[in-house]
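Asker: Submitted below is the structure of interest, expressed as structure tokens.
Read-outs throughout are calculated quantities, based only on the coordinates presented, and are distinct from any laboratory measurement. Here the structure is a predicted model, which means the values were calculated and not measured. Here the Cβ positions follow ideal geometry from the backbone for every residue, glycine too, while neighbour counts run over all protein chains shown.
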Amino acid sequence: MSTLNPRTTHYEFSGPIGALAITVFLPALAILLNQMIRPDYYIKGLFSNFSWIEVWNRLDPLSSYLFNGELWTYYTTWYFSLALLDVILPGTKLYGVELRDGSKLPYKINGISMSAALCLVLAARYQLTNGEMPELEYLYTHQTDLCIITILFSFALATAVYIASFIPLVKPNKSGTNERILALGGNSGNIIYDWFIGRELNPRLGPLDIKLFSELRPGMLLWLLLNLSCLHHSYKEHGKIIDSLLLINVLQGFYIFDGVLNEEGVLTMMDITTDGFGFMLAFGDLCLVPFTYCLQARYLSVSPIVLGPLNCGLVVSVMLLGYWIFHSSNKQKSEFRQGNLPHMKSIQTERGTKLLCDSWWAVSQHINYFGDLLISLSWCLCTGFQTPLTYYYFFYFTALLLHRQTRDEDKCRKKYGKSWEEYEKKVPYKIIPYVY
Ligand code: NDP
């Protein structure tokens, strides 16, 4: 048995059965949500007009998506053009965390040049088409179709990286073997489970790191375009810009560019350091992020509301408060771990590292998640109180962060033992101060 890649002995998500259930349930949910907000039919109030006929029977058979040359051409052009740009656009070279063989992978950080390239293309297309932007209109009218294509693409990508994870490396790793470094959680030997969780930790195609690229480029930037497509469509239909729709575009656009431009922060996140790249991340990054995070904008494009300056101000205040907590707490932890804040109270662990328990990190164990939750709430508030459907994102994100917090707690308890228990006594709240 390899010492570099120990067998996974603990299943998450209730093992292969759970992995299979999520593989069916989440894509179905993504399609369902998109079908519930369309120009010709949308959910009102407490789902009083919900209709299975409208939602499922309006879908084409699977074969018409599998063999739809037009949709596949557009999506693969999007994905592979961004991949090509990622490789050729200039950027800074940074190294990730140390891997189990003692090596550190290089990453090209070029979020600025990538964002600039996208803005230039959009501006040029706006000029060339006199503001018509047929590509945005295409996105708007084919939203569910494209959502289904990204699900199929995620299946294919997860399968490709799973198969590639068995191919020995051409150059030996730092331990002197030709093994790829596998994710500690994705090497159970069960095909379905490992395919879902992700077997290889950092699958790469030449210089392209497939996991980092998928996390920050095709999904996040498509989310931005889907939001823009709603704004564009609404403007064409009503001849004016609706404040709530503009606001959601600005708030989410700010968050997207913040993520893309500060990509170095992602290098120390659990997704990059610990999780393998399988169907869970591929589907999350390529389908769930763009096609369900844009639903507030989508809803406002079919059921517009005018918020007025006061409500807009309130929504912006919730977003800014959330962003301040999220950004300053993440920055504080990152600076502390780089040794830049030695005066702050902390717990020395047996592993040699320290657990910060001062300032933001004395308020709750994951105060950064609390900030992120406030941000997600502000986006939902842009839609007013028309239907709980537009609050889907807040509920989904709460569940995601709760699950992440319990996973992280398990990891830290095992890793830091008594020091973690001491930390839990000093900082009892997990996410929301005085509540949880
Ligand atoms: P954290 O940034 O909270 O990182 C957790 C890790 O930090 C732990 O595993 C441990 O790592 C270390 N750590 C924990 N407590 C301390 C402490 N007190 N002092 C020093 N180190 C500590 O979690 P994530 O990586 O999950 O999230 C990062 C950000 O990304 C969050 O703001 C989150 O909200 C956001 N996020 C956003 C998502 C989205 O879809 N928008 C999805 C997921 C996350 P170690 O073992 O190295 O010590």
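Asker: Between region 319-397 and region 124-155, what is the C-alpha centre distance in whole Å?
Answerer: The two parts, judged by their Cα centres, are 33 Å apart.
Asker: Here is a follow-up. Which order do peptides 47-59, 79-91, 295-307 fall in by mean Cβ count within 10 Å, highest first?
Answerer: Peptide ranking by packing, descending: 295-307, 79-91, 47-59.
Asker: Setting aside same-chain residues fewer than 8 positions from LYS240, which lysines have a Cα under 23 Å from its Cα?
Answerer: Here the lysines satisfying the reach criterion relative to LYS240 do not exist.
Asker: In terms of the ratio Rg/(2.2 N^0.38 Å) built on C-alpha atoms, what value belongs to the chain?
Answerer: 1.01
Asker: Between 0 and 90 degrees, rounded to the nearest ten: what's the tilt of helix 308-337 against the longest Cα principal axis of the chain?
Answerer: Roughly 20 degrees between the two axes.
Asker: How big is the Cα convex hull of region 202-331 in projection, averaged over all directions, in nm²?
Answerer: Hull-based average projected area comes out at 9.0 nm².
Asker: With the Cα gyration tensor of region 83-219 giving a ≥ b ≥ c as the square roots of its eigenvalues, does the rule (a/c under 1.5 for rounded; else a/b larger than b/c for prolate; else oblate) give rounded, prolate or oblate?
Answerer: Judged from the Cα gyration tensor, region 83-219 comes out oblate (a/c at least 1.5, b/c at or above a/b).
Asker: Now a separate question. Based on alpha-carbon atoms only, what is the radius of gyration of region 1-156 relative to the globular estimate 2.2 N^0.38 Å?
Answerer: 1.42
Asker: Run through region 132-170 and list the GluC sites (Glu not before Pro) located in a DSSP loop whose Cβ has at most 13 other Cβ atoms within 10 Å.
Answerer: When the GluC sites (Glu not before Pro) of region 132-170 are filtered for loop state and at most 13 Cβ neighbours within 10 Å, GLU132 remain.
Asker: From the mean inverse distance of alpha carbon pairs (Kirkwood) and the Cα radius of gyration, derive Rg over Rh for region 307-435.
Answerer: 1.05
Asker: I'd like to compare 368-377, 155-164: which one has the highest average count of other Cβ atoms within 10 Å, and what's the full order after that?
Answerer: Going from most to least packed, we get 368-377, 155-164.
Asker: Against the empirical 2.2 N^0.38 Å scaling, what ratio does the C-alpha Rg of region 303-362 come to?
Answerer: 1.74
Asker: Apply 1/(1 + (r/R0)^6) to the Cβ-Cβ distance of GLU54 and LEU84, taking R0 = 60 Å, and write down the FRET efficiency to the nearest 0.05.
Answerer: Between GLU54 and LEU84 the formula returns 0.90.
Asker: Add -39500 (n - 2.57) for each DSSP H run of 4 or more in the chain, then divide by its residues: what number comes out at 222 nm, to the nearest 500 deg cm²/dmol?
Answerer: -18500 deg cm²/dmol
Asker: Also: Using unit Cβ charges (K, R positive; D, E negative) and no other charged atoms, how large, in debye to the nearest 20, is the dipole of region 1-154 about its Cα centre?
Answerer: So the magnitude is around 500 debye.
Asker: Please give the charge dipole size of the chain, origin at the Cα centre, charges +1 on K and R Cβ atoms and -1 on D and E Cβ atoms. Round to the nearest 20 debye.
Answerer: 1100 debye
Asker: Mind checking which lysines have their Cα closer than 25 Å to the Cα of LYS411? Skip sequence neighbours fewer than 8 apart in that chain.
Answerer: Within reach: LYS104, LYS211, LYS331, LYS333, LYS345, LYS354, LYS425, LYS426, LYS430.
Asker: Relative to the longest principal axis of the chain, what angle (0 to 90°, nearest 10) does the C-alpha long axis of helix 15-35 take?
Answerer: Rounded to the nearest ten degrees, it is 20.
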